[in-house]
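Bear in mind that the values in this text are calculations on the coordinates, not laboratory data. No experiment lies behind these values; they were computed from the predicted model shown. Backbone-built Cβ (ideal geometry, glycine too); neighbour counts: all protein chains shown.
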Amino acid sequence: MNINSPRLHNLNLNVRGIQPSSTLRINELSNRLKSEGKKIYKLGLGQSPFPVPAQVIKSLQENAFQKDYLPVKGLSNLRESIAHYFQRNQNIDCEMDDVIIGPGSKELLFILQLAYYGDLIIPKPSWVSYAPQAQIIGRSIHWLPTRAENNWQLTAEEIDLVCRDDPTRPRILILNYPNNPTGCTYSDSQLRAIAEVARKYKLILLSDEIYGELNYEGNHRSIAQYYPEGSIISSGLSKWCGAGGWRLGAFVFPKEQRPLLDAMAIIASETFTATSAPIQFAAVTAFNGGTEIDNYLNGSRQILAYLGSYFYRRLKQMKIDAVQPEGAFYIFPSFANYKTKLAQREIFTSIALCKALLEDTGVAILPASDFGFPSDFLSVRIAFVDFNGEEALNAVKTQFASKEIDDTFVTDFCPNLFDALNTLETWLQAL
Ligand code: PLP
């Protein structure tokens, strides 16, 4: 064989056997069907429906001229603003030097795994990208089981079970709450129990709190309060600030893990160099907060809380079990009650279910197999984000300012969500 043949090179790729991120694939397929004239309900991609707050946009406009490379760990003002944000909101003892900025928290997660030589421990279900990142880098992955009856909570016992045979082995545990794909979060006592076992085994605990501000009660608590010496908090602008496409993420490190932060900065310096300058300047405004941002967040939470309970209720009426979300914009229902009927249509896997649903009804959702489950586990992730977030926020400020949100809000301001559920109901009835 010719040494330069593309086939030979392909055999050596680090991404062998790994598909492009499923979320992006379903989005592309939805876009294609849409361009062919089919009505698509975009409940697949986990993108915030809300606009970036006006004052943050203004700040970006005012900083468009910023053209210089910024320091590799990030703009000092931004690192300071993020440290203050975590002091203010989470009572975390941190300062500017504990913060690193990156082009999205996803990239920071990747270079963390590159910098730290350890196994990856993740709950099942988990966000689609943790495991492929570990695979690309060549790390071992341990999936920890969780159950719907237990609100998909990871328990201290399960963590202990994985660690006890080789207690000093280096490991990264990723905890993500409010959770993608379940919308569930953890109580204080559950966080304390996980913190205790993490301390026992000296785990690096990557606490992915990117949806923290979208806890519906507005009372998200970081596990770093209970395991300060080993927790790295992951945050960013993508979810609470509606700015996924701006690509800005941040990690906050404990002082004890500073060498790891420095190692990530070395990798960053040889890869992305620094995060986009104007975006970093605008992010200072976002993390400084204030009344306008508080109002924006309160409106976002109110809307998402109502939609979470609305989806839970409507799905229950269709005999589809789910756990009611407590944060973020996802629900993770099970179609197990339709197993026999689906089998009659030769639908045996969550992928086949999502494909049939997309083709028959235009409803785009993601299969449970993308989140770590075996293919025949008939659950799916629904992202209830297909609505105009700007109009919805305005409605909360005006016509729903003095009354509770009700079902008319869904029909009037989230018609695609209303139609998608009706279409799903009809499809299930016809099975
Ligand atoms: N973590 C979770 C749980 C997510 O759902 C996402 C985005 O979907 C990310 C991290 C990545 O976010 P970013 O846009 O900061 O890279």
Ranked packing of 371-377, 126-132, most packed first, by mean Cβ within 10 Å: 126-132, 371-377
Built amide H within the under 5 Å cut-off of TRP152, gap 5+: ARG147
Beta bridges per DSSP with both ends in the range 58-288, % antiparallel, nearest 5: 30 percent
Candidate aspartates and glutamates for bridging to LYS202, where Cα separation is under 15 Å - those fewer than 8 sequence places away on the same chain excluded: ASP119, ASP160, ASP165, ASP166, GLU229, GLU256
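If contacts are Cα pairs under 8 angstrom and at least 6 residues apart, what is the relative contact order of the chain in percent? Kindly include the intermediate steps, with their values, before the conclusion.
Values: 783 pairs, mean separation 95.8, N = 431.
This gives 22 percent for the chain.
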Derived scalar couplings ³J(HN,Hα) [the range 304-320; Karplus, 6.51 cos²θ - 1.76 cosθ + 1.60; whole Hz; x for Gly, Pro]: 5, 4, 5, 5, x, 6, 5, 4, 4, 5, 5, 5, 4, 4, 8, 6, 10
Among ASN14, ASN91, ASN394: highest mean-square fluctuation, GNM of the chain, C-alpha pairs under 10 Å: ASN14
Highest-first arrangement of 410-418, 340-348, 255-263, where packing means the average Cβ count within 10 Å: 410-418, 255-263, 340-348
Relative packing of 285-297, 102-114, which averages over residues the other C-beta atoms within 10 Å, highest first: 102-114, 285-297
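Counting DSSP beta bridges with both partners in the chain, what percentage is antiparallel, nearest 5?
Values: 15 of 34 bridges.
If we restrict to bridges inside the chain, about 45 percent are antiparallel.
With a ≥ b ≥ c taken as the square roots of the eigenvalues of the C-alpha gyration tensor of the chain, please select rounded if a/c is under 1.5 and otherwise prolate if a/b is larger than b/c or oblate if it is not? Present the calculation step by step, with values, prior to reporting the outcome.
On the way: a/c = 1.41, a/b = 1.17, b/c = 1.21.
Rounded.
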For GLY327, distant residues with modelled amide H under 5 Å away: TYR216
Karplus 3J(HN,Hα) series, Hz, for the range 98-109 with 6.51 cos²θ - 1.76 cosθ + 1.60 (x for Gly, Pro): 8, 10, 10, 9, x, x, x, 5, 4, 5, 5, 4
